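The values are calculated or read from the model by the stated rules, or taken from the named source; none is laboratory data. Predicted model only: the values in this text are computed from it and were never measured. So basically every Cβ, Gly included, is an ideal-geometry build from the backbone, and we count neighbours across all protein chains shown. The accessibility values were calculated without ligands, DNA or RNA, using every heavy atom of the protein model including side chains. Shrake-Rupley method; radii C 1.70, N 1.55, O 1.52, S 1.80 Å.
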Amino acid sequence: MNQFLIVGLGNIGAEYHHTRHNIGFDVVSAFVLKHGGLFQTGRLAEVAEVKWKGRQFTCIKPTTYMNLSGKAFKYWLDKEKITLDATLTIVDDLALPLSRLRLRGSGSDAGHNGLRDIQLTLGTDQYPKLRFGIGNDFPRGRQVEFVLGRWDSVEIPIVEQKIAKCVEAIEQFATVGLEKTMNLLNNLAFK
(Lines give C-alpha, C1' and ligand atoms only; values in the text may rest on other atoms or scores of the structure.)
Protein backbone atom coordinates (compact mmCIF):
# COMPACT_ATOMS: atom_id res chain seq x y z
CA MET A 1 0.00 0.00 0.00
CA ASN A 2 1.83 3.06 -1.26
CA GLN A 3 -0.98 5.48 -2.01
CA PHE A 4 -2.92 7.33 0.69
CA LEU A 5 -5.77 9.82 0.93
CA ILE A 6 -5.41 12.20 3.89
CA VAL A 7 -8.59 14.15 4.61
CA GLY A 8 -8.64 17.10 6.99
CA LEU A 9 -12.13 18.23 7.92
CA GLY A 10 -13.04 21.88 8.36
CA ASN A 11 -14.89 24.82 6.85
CA ILE A 12 -13.62 27.20 4.21
CA GLY A 13 -13.55 30.93 4.87
CA ALA A 14 -11.49 33.32 6.99
CA GLU A 15 -14.04 33.27 9.83
CA TYR A 16 -13.29 29.56 10.39
CA HIS A 17 -9.50 29.84 10.09
CA HIS A 18 -7.74 28.14 13.06
CA THR A 19 -10.99 27.39 14.92
CA ARG A 20 -11.43 24.20 16.92
CA HIS A 21 -13.72 22.77 14.21
CA ASN A 22 -11.00 23.35 11.58
CA ILE A 23 -8.25 21.39 13.31
CA GLY A 24 -8.41 18.80 10.51
CA PHE A 25 -7.43 21.52 8.01
CA ASP A 26 -4.60 22.67 10.31
CA VAL A 27 -3.17 19.15 10.72
CA VAL A 28 -3.24 18.40 6.99
CA SER A 29 -1.71 21.81 6.24
CA ALA A 30 1.13 21.09 8.72
CA PHE A 31 1.78 17.68 7.11
CA VAL A 32 1.89 19.19 3.60
CA LEU A 33 4.13 22.06 4.74
CA LYS A 34 6.58 19.67 6.46
CA HIS A 35 6.93 17.67 3.25
CA GLY A 36 7.23 20.65 0.89
CA GLY A 37 3.84 20.28 -0.79
CA LEU A 38 1.56 23.06 -1.98
CA PHE A 39 -2.22 23.19 -1.97
CA GLN A 40 -4.00 24.00 -5.19
CA THR A 41 -7.67 24.46 -5.89
CA GLY A 42 -9.08 21.16 -7.10
CA ARG A 43 -12.53 19.75 -7.56
CA LEU A 44 -14.48 20.01 -4.28
CA ALA A 45 -11.27 20.53 -2.26
CA GLU A 46 -7.94 22.22 -1.82
CA VAL A 47 -5.52 19.46 -2.86
CA ALA A 48 -1.81 18.80 -2.33
CA GLU A 49 0.27 15.86 -3.53
CA VAL A 50 3.11 14.76 -1.26
CA LYS A 51 5.72 12.09 -1.93
CA TRP A 52 7.62 10.68 1.06
CA LYS A 53 9.59 7.44 1.55
CA GLY A 54 8.19 5.88 -1.62
CA ARG A 55 4.63 6.74 -0.68
CA GLN A 56 2.19 9.05 -2.41
CA PHE A 57 -0.23 11.15 -0.34
CA THR A 58 -3.20 12.97 -1.79
CA CYS A 59 -4.09 15.50 0.91
CA ILE A 60 -7.43 17.27 0.77
CA LYS A 61 -9.24 20.03 2.62
CA PRO A 62 -12.84 19.84 1.32
CA THR A 63 -14.30 23.13 0.08
CA THR A 64 -17.84 21.76 0.43
CA TYR A 65 -18.23 22.92 4.04
CA MET A 66 -18.18 20.43 6.88
CA ASN A 67 -21.70 19.05 6.44
CA LEU A 68 -21.00 17.92 2.86
CA SER A 69 -17.51 16.48 3.41
CA GLY A 70 -18.53 13.09 1.98
CA LYS A 71 -18.80 14.47 -1.55
CA ALA A 72 -15.14 15.57 -1.65
CA PHE A 73 -13.94 12.43 0.18
CA LYS A 74 -15.68 10.10 -2.31
CA TYR A 75 -14.61 12.09 -5.38
CA TRP A 76 -10.89 11.97 -4.47
CA LEU A 77 -11.10 8.38 -3.21
CA ASP A 78 -12.50 7.27 -6.58
CA LYS A 79 -10.32 9.57 -8.70
CA GLU A 80 -7.08 8.37 -7.10
CA LYS A 81 -8.32 4.74 -6.83
CA ILE A 82 -7.40 4.54 -3.14
CA THR A 83 -8.81 1.85 -0.85
CA LEU A 84 -10.72 2.94 2.27
CA ASP A 85 -8.13 1.39 4.59
CA ALA A 86 -5.51 3.68 3.02
CA THR A 87 -7.41 6.82 4.01
CA LEU A 88 -7.04 8.84 7.18
CA THR A 89 -9.60 11.46 8.19
CA ILE A 90 -8.56 14.03 10.78
CA VAL A 91 -11.39 15.56 12.79
CA ASP A 92 -12.16 17.52 15.97
CA ASP A 93 -13.83 15.60 18.80
CA LEU A 94 -15.81 17.17 21.67
CA ALA A 95 -15.99 13.86 23.56
CA LEU A 96 -12.21 13.72 23.99
CA PRO A 97 -10.37 16.07 26.34
CA LEU A 98 -7.85 18.50 24.84
CA SER A 99 -5.07 16.29 26.24
CA ARG A 100 -5.96 13.32 23.99
CA LEU A 101 -5.83 12.00 20.45
CA ARG A 102 -7.57 8.81 19.34
CA LEU A 103 -6.95 6.76 16.24
CA ARG A 104 -9.37 4.01 15.21
CA GLY A 105 -9.87 1.93 12.09
CA SER A 106 -13.63 2.40 12.17
CA GLY A 107 -16.35 3.85 14.35
CA SER A 108 -19.48 5.94 14.36
CA ASP A 109 -19.73 9.62 13.51
CA ALA A 110 -20.33 10.35 17.25
CA GLY A 111 -22.59 13.24 16.28
CA HIS A 112 -19.98 14.94 14.06
CA ASN A 113 -21.66 16.31 10.94
CA GLY A 114 -18.62 15.93 8.69
CA LEU A 115 -18.17 12.27 9.65
CA ARG A 116 -21.92 11.69 9.37
CA ASP A 117 -21.90 12.93 5.77
CA ILE A 118 -18.87 10.79 4.87
CA GLN A 119 -20.55 7.75 6.42
CA LEU A 120 -23.81 8.41 4.52
CA THR A 121 -21.93 8.96 1.25
CA LEU A 122 -19.74 5.85 1.60
CA GLY A 123 -22.41 3.67 3.20
CA THR A 124 -19.96 2.57 5.91
CA ASP A 125 -18.11 3.77 9.01
CA GLN A 126 -15.24 1.36 8.31
CA TYR A 127 -12.49 3.85 7.53
CA PRO A 128 -9.66 5.18 9.75
CA LYS A 129 -10.22 8.35 11.75
CA LEU A 130 -7.80 10.40 13.81
CA ARG A 131 -9.83 12.28 16.42
CA PHE A 132 -8.29 15.44 17.87
CA GLY A 133 -9.75 16.08 21.34
CA ILE A 134 -10.99 19.64 21.77
CA GLY A 135 -12.70 19.09 25.14
CA ASN A 136 -16.15 20.29 26.08
CA ASP A 137 -15.43 23.20 28.39
CA PHE A 138 -18.38 25.38 27.46
CA PRO A 139 -21.58 26.51 29.18
CA ARG A 140 -24.80 24.68 28.38
CA GLY A 141 -26.24 25.77 25.03
CA ARG A 142 -22.92 27.23 23.84
CA GLN A 143 -21.55 24.25 21.90
CA VAL A 144 -21.67 25.93 18.49
CA GLU A 145 -19.78 29.02 19.71
CA PHE A 146 -17.19 26.78 21.40
CA VAL A 147 -16.62 24.53 18.40
CA LEU A 148 -16.46 27.44 15.96
CA GLY A 149 -14.33 29.49 18.36
CA ARG A 150 -10.58 29.96 18.32
CA TRP A 151 -8.24 28.29 20.81
CA ASP A 152 -7.62 30.04 24.12
CA SER A 153 -4.03 31.22 24.65
CA VAL A 154 -3.47 28.55 27.34
CA GLU A 155 -4.56 25.82 24.89
CA ILE A 156 -2.27 26.83 22.02
CA PRO A 157 0.94 25.10 23.30
CA ILE A 158 -0.97 21.80 23.67
CA VAL A 159 -2.63 22.24 20.28
CA GLU A 160 0.78 22.84 18.64
CA GLN A 161 2.23 19.70 20.30
CA LYS A 162 -0.74 17.66 19.16
CA ILE A 163 -0.57 18.96 15.57
CA ALA A 164 3.11 17.90 15.42
CA LYS A 165 2.18 14.47 16.84
CA CYS A 166 -0.63 14.12 14.29
CA VAL A 167 1.83 14.83 11.47
CA GLU A 168 4.03 12.02 12.85
CA ALA A 169 0.94 9.80 13.14
CA ILE A 170 0.16 10.27 9.43
CA GLU A 171 3.73 9.22 8.62
CA GLN A 172 3.52 6.22 10.98
CA PHE A 173 0.13 5.19 9.59
CA ALA A 174 1.72 5.05 6.12
CA THR A 175 4.87 3.21 7.23
CA VAL A 176 4.08 0.91 10.17
CA GLY A 177 0.30 0.65 9.71
CA LEU A 178 -2.83 1.38 11.66
CA GLU A 179 -2.44 -1.02 14.61
CA LYS A 180 1.09 0.05 15.56
CA THR A 181 0.21 3.72 15.14
CA MET A 182 -2.81 3.27 17.41
CA ASN A 183 -0.55 1.71 20.05
CA LEU A 184 1.89 4.62 19.82
CA LEU A 185 -0.76 7.34 19.89
CA ASN A 186 -3.86 6.39 21.85
CA ASN A 187 -2.27 6.31 25.30
CA LEU A 188 -0.49 9.66 25.04
CA ALA A 189 -1.64 12.53 27.24
CA PHE A 190 -0.59 16.07 26.31
CA LYS A 191 -0.06 18.88 28.82
Q: Just the ratio, please: alpha-carbon radius of gyration of the stretch 115-180 over 2.2 N^0.38 Å, N its number of residues.
A: 1.42
Q.
Just to be sure I understand the model, the point goes 7 Å from the Cα along the line to the Cβ. What's the resulting residue 186 to residue 49 distance in nm?
A. 3.5
**Q.** Heavy-atom accessible surface of the chain: percent carbon and sulfur, 1.4 Å
**A.** 51
(Q) Let's see if you can work this out: charge +1 on each Lys and Arg Cβ, -1 on each Asp and Glu Cβ, no other charges. What is the dipole magnitude of the stretch 66-190 about its Cα centre, in debye to the nearest 20? (A) 160
(Q) Quick check on the chain: helices-only [θ] at 222 nm, where DSSP H runs of length 4 and up contribute -39,500 (n - 2.57) each and the sum goes over total residues. Nearest 500, please. (A) -10500 deg cm²/dmol
Q: With a probe of 1.4 Å, find how much accessible area the chain has per residue, and write the answer as a whole number in Å².
A: 48
Q: List the lysines whose Cα lies under 18 Å from the Cα of residue 79, skipping any in the same chain that are fewer than 8 positions away.
A: 51, 61, 71
(Q) Using +1 at the C-beta of Lys and Arg and -1 at the C-beta of Asp and Glu, which of 118, 18, 158 has the Cα lying farthest in the positive direction of the dipole of the chain? (A) 118
**Q.** Rg/Rh for the chain, where both radii come from Cα atoms and Rh is the Kirkwood radius
**A.** 0.93
Q | Unit charges at the beta carbon, dipole of the stretch 1-111: most positive-side option, 41, 67, 86 | A | 86
(Q) Using amide H atoms built in the peptide plane, which far-off residues or other-chain residues are under 5 Å from residue 64 H to H? (A) none
